[in-house]
Amino acid sequence: MSIALFPHRLALRQALARLTAKPLATFLSALVVAIALSLPALGLVLMDNLGGLARGVSGKPEISAFLKREVSAEQAQRVENRLQADKRIAALRFVPRDLALKQLAARGGFADVSGALVENPLPDAFIIEPTGENPAVFEAIRTALAAMPEVAHVQLDSAWVERLHAAVELGRWSMLLLAGLLGAALVIVTFNTIRLQILTQRHEITVSLLLGATRNFVRRPFLYFGLLQGLLGGLVAWALVEGVMALIAPRIEDLARSYNIVLDLHGPTPLQAAGLLAFAALLGWLGAGLSVRRHLHDGAVD
Amino acid sequence: MIRFERVTKRYPGGHEALADVSFEIRHGELVVLGGHSGAGKSTLIKLIAALEKPTAGKVWVSGQDVGSLRPNQVPYLRRSLGLVMQEHRLLTDRTVFDNVMLPLLVTGYPPKDAAKRVRVALDKVGMGAFEQVMPMTLSGGEQHRVAIARAIVNRPSVLIADEPTAHLDPAYAREIAALFRSFHQAGVTILLATHDETLFSPYGSRRIELDHGRLVA
């Protein structure tokens, strides 16, 4: 062990000793941290699952451009040529009106209707797959198509997916905001815990300063304590999220199945779990740092 | 080693603890700082240890102007001093050994050698057999010895004690005085603030006398 690391090892040992000295109080503090963090963490995990659903359901979003009935085959070919030259379009498929009617007839419940028609009412159409996943690009293609004189109507087939995306994003931002608010509360909780510790260890701090301890030496065990308490809270929060997901995931999946949606919900990914632990530890460290800065710098101790 | 240049210390509220005090303590000297209770002895020690700042004048310790030290320099000044305060300020939840170890921990002393140094310091004050004892179970004199061991464990160049024999019976007081004498004989500069100057006069000490914050001798 390097001499330079010795003060850190000592501080870590002191922090662990303080944590283990009162196991019930430590557990309750960790539980407060965990409960406050598990709510936004659970929300973010659910949003992540729903985001995956939105990405997975549609595959690539498609734009349908329905041509005017009077557009000839040559005109349709010219439209196709123009669309093929457009770099924003990844794939293009022409669906002649006769094929569209056949496809409609093939669908359950429409065979009788299509058979009763005197004339095919369906237009020729292009099914367009844009490059990338940028909604702004989809919208630009839609506008360009709508401006073509041969095109009667343009339909962005991924509209509902975009709405779901937007709802998931809104949910994710709401959860992040909630995490921020609850995080601030946790900083305050740690601030107060450390304040009480400083008060109870005032004598030791005073003696240490008198013997030549630097402020960093005095601060370090409190910072490690805050970090460890946050980390412990993060671990419990992780366990809570995993537990809640294990309980509710089958029920949500059953509900989704009744809407013909296949869902495979999962708990936090390793990256999300690591993020949760890091966030919790950071909050603890921040609360401890603020408390130590406030209470060891106002002359309260020496 | 220690020099006071026209030092005045006035506390908020106007009380003047020290007024225009000047003196010098040279390396290897044993100086007894006398004076009645409230004469300014403790304030003088606090100024040396940078626990207070002078209102006017300069306090020099080992060539450093104590009053102008930045906060991050103060710990290093204190490490060069061995301080024995009037209240021994031992940590009651730690053993005698751990109390004496504390100055070595705060200075980041290699842990391997620290235990050896602690035992040497405890042996010097005759407390080697008590290292695993809690301070509260010791007598007043023994607690003072532990506080002295804690002050010398870092091998400071200056040893400063504020009323080291206060509240001790005469036998204990003589033992403590003899300890300081042995440190002085080993070459340590010593400043003792005491109202009981007779204890140290046989050891050829120089005397500084304060009266209501003024140097009178």
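The values are calculated or read from the model by the stated rules, or taken from the named source; none is laboratory data. No experiment lies behind these values; they were computed from the predicted model shown. We place every Cβ from the backbone using ideal geometry, glycine too, and count neighbours over all the protein chains shown. What goes into the accessible areas is simple: the full protein's heavy atoms, side chains included, and nothing from ligands, DNA or RNA. Shrake-Rupley method; radii C 1.70, N 1.55, O 1.52, S 1.80 Å.
Structure above, values below:
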read-out	value
When residues of segment B:96-131 are limited to those that are free of Cβ contacts under 8 Å to residues at least 24 places away in the same chain and basic (Lys, Arg), the one surrounded by the most Cβ atoms within 10 Å (Cβ to Cβ)	B:Arg119
Count - residues of segment A:194-223 that are in contact (Cβ under 8 Å) with a residue 12 or more places away in the chain and within 8 Å of chain B (Cβ to nearest Cβ)	5
Of all residues making up segment B:149-162, the number that are part of a helix (DSSP H, G or I), open to solvent by less than 10 Å² (accessible area, probe 1.4 Å) and in contact with a Lys or Arg (Cβ under 8 Å, 6 or more places away or on another chain)	1
In segment B:61-79, the residues that are open to solvent by 30 Å² or more (accessible area, probe 1.4 Å), in a loop (DSSP other than H, G, I, E, B) and within 13 Å of chain A (Cβ to nearest Cβ)	B:Arg70, B:Pro71, B:Asn72, B:Gln73
Residue within segment A:259-266 that is assigned to a helix (DSSP H, G or I) and more than 14 Å from chain B (Cβ to nearest Cβ) present	no
Residue that is surrounded by the fewest Cβ atoms within 10 Å (Cβ to Cβ), among those in segment A:135-146 that are over 15 Å from A:Glu80 (Cα atoms) and among the hydrophobic types (A, V, I, L, M, F, W, C)	A:Ala136
Top-ranked residue in segment B:83-94 [being under 20 Å from A:Val218 (Cα atoms) and out of contact with any helix residue (DSSP H, G or I) (no Cβ under 7 Å at 6 or more places or on another chain); ranked as surrounded by the most Cβ atoms within 10 Å (Cβ to Cβ)]	B:Arg94
Residue match in segment B:111-134 (condition: under 18 Å from A:His203 (Cβ atoms) and within 14 Å of another protein chain (Cβ to nearest Cβ))	no
Any hit, segment A:59-68, residues being modelled with pLDDT of 90 or more, more than 14 Å from chain B (Cβ to nearest Cβ) and outside any strand (DSSP E or B)	yes
Residue that is of a type in the set (Gly, Ala, Ser) and on the phi > 0 side of the Ramachandran plot, where the choices are B:Ser80, B:Ser42, B:Ser62	B:Ser62
Test for B:Met134: is it crowded, with 18+ Cβ neighbours inside 10 Å and of a type in the set (A, V, I, L, M, F, W, C)	no
Unique residue being in contact with a helix residue (DSSP H, G or I) (Cβ under 7 Å, 6 or more places away or on another chain), at pLDDT below 90, over 26 Å from B:Ala151 (Cα atoms) and more than 14 Å from chain B (Cβ to nearest Cβ) when the list is A:Gly234, A:Gly226, A:Gly183, A:Gly230	A:Gly183
Enumeration of residues in segment A:1-30 that are among the hydrophobic types (A, V, I, L, M, F, W, C), touching a helix residue (DSSP H, G or I) at 6+ places or on another chain (Cβ under 6 Å) and open to solvent by less than 60 Å² (accessible area, probe 1.4 Å)	A:Ala11, A:Ala15, A:Leu19, A:Ala30
Conditions (1) open to solvent by less than 40 Å² (accessible area, probe 1.4 Å); (2) out of contact with any strand residue (DSSP E or B) (no Cβ under 6 Å at 6 or more places or on another chain); (3) under 30 Å from B:His15 (Cβ atoms); (4) outside any loop (DSSP other than H, G, I, E, B): number failed by B:Thr165	(4)
Residue match in segment A:257-274 (condition: surrounded by fewer than 19 Cβ atoms within 10 Å (Cβ to Cβ) and under 20 Å from A:Leu19 (Cα atoms))	no
Residues satisfying the stated conditions in segment B:180-201, i.e. surrounded by 19 or more Cβ atoms within 10 Å (Cβ to Cβ), under 23 Å from B:Met1 (Cα atoms) and hydrophobic (A, V, I, L, M, F, W, C)	B:Phe180, B:Phe183, B:Val188, B:Ile190, B:Leu191, B:Leu192, B:Ala193, B:Phe200
Filtered residue count, segment B:22-60, keeping only those that are under 23 Å from B:Ala177 (Cα atoms), in a loop (DSSP other than H, G, I, E, B) and within 14 Å of chain A (Cβ to nearest Cβ)	1
